1. One residue is enough: does segment 57-65 have a residue meeting the conditions of a type in the set (A, V, I, L, M, F, W, C), over 22 Å from residue 110 (Cα atoms), outside the structural domain of residue 128 (by TED's automatic domain parsing) and assigned to a helix (DSSP H, G or I)?
2. For segment 1-38, which residues satisfy the criterion of being of a type in the set (Gly, Ala, Ser), out of contact with any Pro (no Cβ under 9 Å at 6 or more places or on another chain) and crowded, with 16+ Cβ neighbours inside 10 Å?
3. For segment 95-107, state whether one or more residues are at pLDDT below 90, under 30 Å from residue 8 (Cα atoms) and assigned to a helix (DSSP H, G or I).
4. Considering only residues that are closer than 18 Å to residue 13 by Cα and among the β-branched types (Val, Ile, Thr), which ones fall in segment 34-72?
5. Out of (1) in a loop (DSSP other than H, G, I, E, B); (2) within 26 Å of residue 21 (Cβ to Cβ); (3) modelled with pLDDT of 85 or more, the odd one out for residue 121 is which?
6. Any residue at all in segment 7-20 that is assigned by TED's automatic domain parsing to the domain that holds residue 65 and either closer than 27 Å to residue 75 by Cβ or in contact with a strand residue (DSSP E or B) (Cβ under 7 Å, 6 or more places away or on another chain) (or both)?
Amino acid sequence: MSPSKDRAAAELFAALYADLAGWCRRLVDDDGTAHEIASEAFARLWLRWSDVEEPRGFLYVTAANLVRDHWRKTDRERRALRRAGTEAGLAPREPGAETSVPVRLIVQSMPEKLRTVVLLYYFADLPVRDIASLTKRKEGTIRGDLHAAREYLRAVLGERCDHTH
């Protein structure tokens, strides 16, 4: 990178790293993992610096993909623990824990095309226009996916509420 690009990259890092790491933290519930994901997103940006038109969007899309990969890995580990029969002993349940599901876990269970749009719109606060540009899809498609995601959320939350009464 040239000195001017180095300076621009350093300024971008200073301006966005804390927000990106905080966003990741809310999604993965672990400071260390959040910082690893944010750092990896920046590392990938540096590798493609001259090809990226919208660095902020690139960082959040990359971080969303890394969060998804983390969730998949965590889910695989959880299933392995459950199969081994040790999960109950490792994680004591609080009263009501069976019915209190964090929205993050519901988002995790969404189909990928809905999950990505939800992460970018609701968690990264990107406008529909930017999401459409970043995902190379039409704005109407993004709005439709957001509507479908809200319906999915209503259905899952409604189903969980029905089971508790």
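The values are calculated or read from the model by the stated rules, or taken from the named source; none is laboratory data. Since we're looking at a predicted model, the values are computed, not measured. Quick reminder, even Gly has a Cβ in these numbers, built from the backbone with ideal geometry, and neighbours come from all protein chains shown.
1. Restricting attention to segment 57-65, the residues satisfying the condition of being of a type in the set (A, V, I, L, M, F, W, C) are 58-59, 61, 63-64.
Remaining after also requiring over 22 Å from residue 110 (Cα atoms): none.
Taking every residue of segment 57-65 in turn, none turns out to be of a type in the set (A, V, I, L, M, F, W, C), over 22 Å from residue 110 (Cα atoms), outside the structural domain of residue 128 (by TED's automatic domain parsing) and assigned to a helix (DSSP H, G or I).
2. Selection gives 21, 34, 38.
3. First, the residues of segment 95-107 that are at pLDDT below 90: 95-107.
Next, only the ones that are under 30 Å from residue 8 (Cα atoms) stay: none.
Looking for residues that are at pLDDT below 90, under 30 Å from residue 8 (Cα atoms) and assigned to a helix (DSSP H, G or I), one finds none in segment 95-107, hence no.
4. 37, 52, 61, 62
5. Looking at each condition in turn, residue 121 falls short on (1).
6. Residues of segment 7-20 that are assigned by TED's automatic domain parsing to the domain that holds residue 65, as a first pass: 7-20.
Narrowing the set further to residues that are either closer than 27 Å to residue 75 by Cβ or in contact with a strand residue (DSSP E or B) (Cβ under 7 Å, 6 or more places away or on another chain) (or both) leaves 19-20.
Yes, because at least one residue in segment 7-20 is assigned by TED's automatic domain parsing to the domain that holds residue 65 and either closer than 27 Å to residue 75 by Cβ or in contact with a strand residue (DSSP E or B) (Cβ under 7 Å, 6 or more places away or on another chain) (or both).
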